[in-house]
1. In the list GLU172, GLU146, GLU118, which residue meets the criterion of being in a loop (DSSP other than H, G, I, E, B), of a type outside the set (Phe, Trp, Tyr), surrounded by fewer than 15 Cβ atoms within 10 Å (Cβ to Cβ) and within 18 Å of the chain's Cα centre (by Cα)?
2. Would you tally the residues in region 176-204 being farther than 17 Å from THR117 by Cβ, buried (at least 18 other Cβ atoms within 10 Å of the Cβ) and not acidic (Asp, Glu)?
3. Go through the residues of region 156-163 one by one and say whether even a single one is outside the structural domain of ASN63 (by TED's automatic domain parsing) and modelled with pLDDT of 85 or more.
4. Residues of region 72-121 being closer than 30 Å to ARG202 by Cβ and among the polar types (S, T, N, Q), which ones?
5. Please go through (1) of a type outside the set (Lys, Arg); (2) surrounded by 15 or more Cβ atoms within 10 Å (Cβ to Cβ); (3) under 20 Å from ARG23 (Cα atoms); (4) modelled with pLDDT of 90 or more for ASP84 and return the number of the only condition it doesn't satisfy.
6. For region 66-111, which residues satisfy the criterion of being free of Cβ contacts under 8 Å to residues at least 24 places away in the same chain and either among the small types (Gly, Ala, Ser) or outside the structural domain of ARG24 (by TED's automatic domain parsing) (or both)?
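The values are calculated or read from the model by the stated rules, or taken from the named source; none is laboratory data. The model shown is predicted, which means the values in this text are computed figures rather than measured ones. Here the Cβ is made from the backbone with ideal geometry for all residues, glycine too, and neighbour counts use every protein chain on show.
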Amino acid sequence: MVSLVPRHGKDNLPQSRNRFVCRRTQISEFVASNFIDSNSELPGFVTARDSGLPGSDRPVETNITAARWLIKLHHFTAETKCKDWATHALRYVTIPRIARSMGLKGGLLSADFELRTEPLHLVVIGERDNETSQALFRAAQATPFEHRCIHWFSNRTAAESLLKLNLAESNESAGYIFHDGQASEPIQADHDFGDAINLHLRKTDAK
């Protein structure tokens, strides 16, 4: 399977994307450094006391939420440490006595699914001040898929370089869908995004 996630170092990213990745990576590193109790055998993230110092409580919902955020960051950046930290959080909520006490949590099922599967990648190629690009980006944001990553590149060359895929040529701003190692044809109109996703998923699922 062709990797759909940009497997690259942060130094090779466009400036705006570099800032996005760096800020979120810094947040994840802060959380891992301050809210994983290295002196405890228990996995999971602890909460902060009123003083701001780490406490000892490990709320289930907090760990599930943290895991899902870190999984998303892993899929977007390919940082393996984000996946490791997410797994650390999920190890806590799947301890038998914890799992029995919390009952069925939909977020835990979602986290498990998101950890094991590649998200749907929606890509817009075009300048930020281009109306078509903006409309395509809004259409990508409006798609009813929670397990997704949305990317916006100014040109096709940058997208191909970072995503390691060849795209069908388009002389205008366009959207693309990546799923299961395959890229869709260019999407030229924002109102076609939803239909294009359904069509592309049917094609890839049939193979």
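1. Details: GLU172 fails: within 18 Å of the chain's Cα centre (by Cα); GLU118 fails: surrounded by fewer than 15 Cβ atoms within 10 Å (Cβ to Cβ).
After ruling out the rest, the residue left standing is GLU146.
2. Step one: of region 176-204, the residues farther than 17 Å from THR117 by Cβ are 176, 183-196, 198-199, 202-203.
Cutting the leftovers down to buried (at least 18 other Cβ atoms within 10 Å of the Cβ) gives us 176, 183-184, 186-187, 190, 193, 196.
So of that shortlist, the ones also not acidic (Asp, Glu) come out as 176, 183-184, 186-187, 193, 196.
Final tally of qualifying residues: 7.
3. Pass one, region 156-163, residues outside the structural domain of ASN63 (by TED's automatic domain parsing): 156-163.
Narrowing the set further to residues that are modelled with pLDDT of 85 or more leaves none.
No, that holds for no residue.
4. THR77, SER110, THR117
5. Going through (1) of a type outside the set (Lys, Arg); (2) surrounded by 15 or more Cβ atoms within 10 Å (Cβ to Cβ); (3) under 20 Å from ARG23 (Cα atoms); (4) modelled with pLDDT of 90 or more one by one, ASP84 breaks only (2).
6. ALA99, SER101, GLY103, GLY106
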